[in-house]
Structure formats: structure tokens, C-alpha cells
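This report concerns only the one structure given below.
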Amino acid sequence: VTTTVLGRGSLGELVERVQQLHPSGRLAVVTDHAVWRALGAQVGPTLPANAVVAPIAVGEAHKTRESWAMVTDALLAAGCDRSTIVIGIGGGVVTDLAGFVAATFMRGVPWVAVPTTLLAMVDAAHGGKTGVDTPAGKNLVGAFHPPTLVVVDPDSLRTLPAERWRDGLAEVLKHGVIADADYFERTTAMLPALLAADGPLHDGVPALIAESIRIKQQVVADDPREDGRRRILNFGHTIAHAIERVSDYAISHGQAVAIGMCVESRIGAALGITPASVVQAVEEGCARAGFARTVPATLRHEDIVAATLSDKKAVSGSARYALPEAVGTMHRADGAWAVGAPDAVVRAALS
Ligand SMILES: NC(=O)c1ccc[n+]([C@@H]2O[C@H](COP(=O)([O-])OP(=O)(O)OC[C@H]3O[C@@H](n4cnc5c(N)ncnc54)[C@H](O)[C@@H]3O)[C@@H](O)[C@H]2O)c1
Ligand SMILES: [Zn+2]
């Protein structure tokens, strides 16, 4: 069971909370260099003297087996043993990697997720999926290993670059589309305020994070190993993962998810599942958040179609799509919650 703590200033009490939960553990902090520059001063002084800090290079391109090996080796070199508690402080790249290090270190040690991007606060840090990318695709190597504790401090969003803040809004919109029409309405209405210069510090942000976490946790609780309904969390992601990979990760996860939701809604419309009004609502939401709704001209559609076929959720060579029937309701597909689409339909939806 994962405990979730959400509150302004909770970063300052992080170490104390971890030690309450795991009184005798040796602490190993996994982070990236930019996050540690921004937030290390708040955490570093509270760490015990024998704690290890292992920072990785910044960006999706470093969510790799090489970074996993580097961090693991740093822990081994410092003499970390089975009593180690891994603390991942950073965006989704860091939490995915830290969780995977924890899943494999000494055959598995506990870990604590401290998401510092909006995207990781509402999505990546919850649900227990951990892992790394390989040249063959995203998240192809990993483990289900839920953190024991998630600590979310909305104040840490203060230092987040504007584009990364926007990335998280894509997953927030996704949560509305897949599970809660009312949440979708309220968040799209809030977008102008959220996109203002002080958007991350807006009064409504902690409640918004809390609602998104609730939606994600509910979906995951019903289907922890993704045998069925959890697949709705992949809305937009079959196309998004292909875009990220074909762009060599130049397009961020959040931007790719926004484009992916628009493309997949159009796929849903072509298959007679998604009404035109829903396609319009998704496209409008993404546009209001400042996202593109089509694939950048620099990427070849053929490459994207090809990349979807090697997605790990593909079934016998055919990509699968979780598709909305209404805002707030996903297509059940007889309990599979995802359907295949002919390449020609995907190609048409990309334009
Ligand atoms: N496990 C899951 O269920 C799940 C769900 C959604 C996404 N993900 C993964 O999450 C990753 C994307 O996460 P992300 O968008 O957070 O990327 P990220 O971890 O690369 O963070 C984005 C950038 O923001 C910087 N940063 C983070 N926090 C900061 C702060 N408070 N102040 C200043 N700079 C800060 C980072 O250094 C980085 O440059 C992808 O790899 C995706 O696959 C996983
Ligand atoms: Zn995502």
C-alpha cells in the first residue's frame, strides 16, 4: 500500500517522514542534476550523514539501462545493502528510473517517490510502473514496484520551466477525458489562469493535483497489472510514444500526449466510437493549453505508424488504442478497453 502526502512545504519534512516509515534504512537519493540544483538545498541539509546522493543526467534520453547501472553501481560502491531506501526526487524520468533501481537492487528494496514536475505529481509517481527506455522503444524494460510513500510538494513547481509545467497539463486533461467530465470542464476553464506566469502557484493547483491523483489511483486500484481497465490511462499514449521515439525524444512526453489524444480521438471517430463533439472537446482543450493538435511536419507519418507497431501494448503486430465514447467515459471494447485500428485509419488521423 502506498501512502500519499500532498502539501505545500512537505519537501522540508520528507526525510523525517521517510525515517518514520522506515526507521532503520540507509537512504539513497536518486535525482537529476537540474532538479538537485533547484531543490537540493531544501533536502540535502535534512539528510543523515551516511545518505548517498546519486544524480543522473537530465532528460528522457537518460532514462536508460546505462543510468540504471550507474546509479546501482554508485549505491554498491557506497556499501548500500538490503536495508536501503531509495528516494527518487524529480520528474517522471527520475521516478521511473529510481523505482526500477529499487525494484532490482538486492532483489528489491522499498522506495519513496518525490515527484517535482506536474506530470510526475499527477501521473508518473503513482501506480507502481517503473522502468527504462531502450533503443527499441519506451518503457520496454521495467517492473511493477509501487513506492511505499509519495510526497508531493506543490511549492517545488516554482522552479519548473514553463514548457514542463504545460506538459503536466496534458495528463490532467487526459484524466478528465478518461474518467471525469466535470473535472475536464473545470480544468479547461482554469487553463488561462494556469498558463499565466504564476500559474504553478495558483491557489487551485493543490486541489487539481489531488483530483488527478484520485482518478489515477482509482483506475489503478481496479486493475493493478493492466489486464483491463487500466488501459484507459493509455489514451493518447500509443501515438505519443511513437512520436517521442521518432522525434528522438526532442518532443516531450506531455506535448506528445496532447497530439496523441487528438490523433487517437480522430481514430476513434473513424472507427465509429468517438463522437465528433468529443473529438472537438479534446482538440479544444489541447489548443487552449497551447498544444499542437497535429504531428510536426518534420516527422514522417510512415515512421510513426511503424513505431506504433512495436509498442509493447501491440497485440500480434497491431497497435491498440484506448478510445473515448464521451468526455469522461472510455470505450469498454468487451472488457479489453482498447481496440486495433487499420494502418490506413491511423495514417488518415495523423494528418
Ligand atoms: N510510470 C508511469 O506510470 C508514468 C506515467 C506517466 C509518465 N511517465 C514517464 O514520465 C516521464 C516524463 O516525466 P517528466 O515530464 O516529469 O520528465 P523529466 O523527469 O525529464 O522532467 C522534465 C524536466 O524538468 C526538470 N525538473 C523537474 N522538476 C523540476 C523542478 N521542480 N524545478 C526545475 N526543474 C525541474 C528536469 O530536470 C527535466 O529537465 C516519461 O519518461 C514518461 O514515460 C511514467
Ligand atoms: Zn503519460
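Quick notes
- Count of residues meeting criterion [among the small types (Gly, Ala, Ser) and at pLDDT 95 or above] in the range 132-154: 2
- Residue count for the range 168-186 satisfying the condition of being in contact with a helix residue (DSSP H, G or I) (Cβ under 7 Å, 6 or more places away or on another chain) and either within 16 Å of ligand 2 (Cβ to nearest atom) or of a type in the set (Gly, Ala, Ser) (or both): 12.
- If the condition is being open to solvent by 20 Å² or more (accessible area, probe 1.4 Å) and in a helix (DSSP H, G or I), then the range 280-324 contributes 280, 281, 283, 284, 287, 288, 301, 302, 303, 306, 309.
- Residue identified as open to solvent by less than 20 Å² (accessible area, probe 1.4 Å) and either more than 16 Å from ligand 2 (Cβ to nearest atom) or of a type outside the set (Ser, Thr, Tyr) (or both) among 195, 157: 157
- Selected residue (criterion: farthest from residue 111 (Cα to Cα)) from residues of the range 141-151 that are away from ligand 1 (no atom under 11 Å from the Cβ) and buried (at least 21 other Cβ atoms within 10 Å of the Cβ): 151
- The sole residue among 37, 17, 82, 8 that is without any contact (Cβ under 8 Å) to a residue 60 or more places away in the chain and either more than 21 Å from residue 130 (Cα to Cα) or open to solvent by less than 50 Å² (accessible area, probe 1.4 Å) (or both) is 37.
- Taking the range 132-159 as the range and being in contact (Cβ under 8 Å) with a residue 60 or more places away in the chain and among the hydrophobic types (A, V, I, L, M, F, W, C) as the test, the residues that pass are 132, 136, 140, 141, 144, 149, 150, 151, 152.
- Condition check for residue 186: modelled with pLDDT of 95 or more and basic (Lys, Arg): yes
- Residue 59 fulfils the conditions (1) of a type outside the set (A, V, I, L, M); (2) under 14 Å from the mean Cα position of the chain (by Cα); (3) modelled with pLDDT of 95 or more except for a single criterion, (3).
- Residue 264 under 30 Å from residue 162 (Cα atoms) and at pLDDT below 95: no
- Evaluating residue 188 against the criteria (1) more than 18 Å from the chain's Cα centre (by Cα); (2) surrounded by fewer than 20 Cβ atoms within 10 Å (Cβ to Cβ) leaves one unmet condition, (2).
- All positions within the range 239-250 that are within 14 Å of ligand 1 (Cβ to nearest atom), on the phi < 0 side of the Ramachandran plot and either out of contact with any helix residue (DSSP H, G or I) (no Cβ under 7 Å at 6 or more places or on another chain) or open to solvent by 10 Å² or more (accessible area, probe 1.4 Å) (or both): 241, 245, 247, 250
- Reported count of residues in the range 251-279, each being open to solvent by 10 Å² or more (accessible area, probe 1.4 Å) and within 16 Å of ligand 2 (Cβ to nearest atom), is 4.
- The set of residues in the range 98-140 that are of a type in the set (Gly, Ala, Ser) and either open to solvent by less than 10 Å² (accessible area, probe 1.4 Å) or within 11 Å of ligand 1 (Cβ to nearest atom) (or both) comprises 98, 99, 102, 113, 120, 124, 125, 127, 128, 131, 137.
- Answer residue from the range 82-133, given it is charged (D, E, K, R) and within 15 Å of ligand 2 (Cβ to nearest atom) and is farthest from the chain's Cα centre (by Cα) among those: 133
The values are calculated or read from the model by the stated rules, or taken from the named source; none is laboratory data. Worth saying up front: this structure is predicted, and the values here are computed from it rather than measured. Neighbour counts are summed over all protein chains in view; Cβ atoms, including those assigned to glycine, are modelled from backbone coordinates with ideal geometry. Heavy atoms of the whole protein, side chains included, go into the accessibility calculation; ligands, DNA and RNA do not. Shrake-Rupley method; radii C 1.70, N 1.55, O 1.52, S 1.80 Å.
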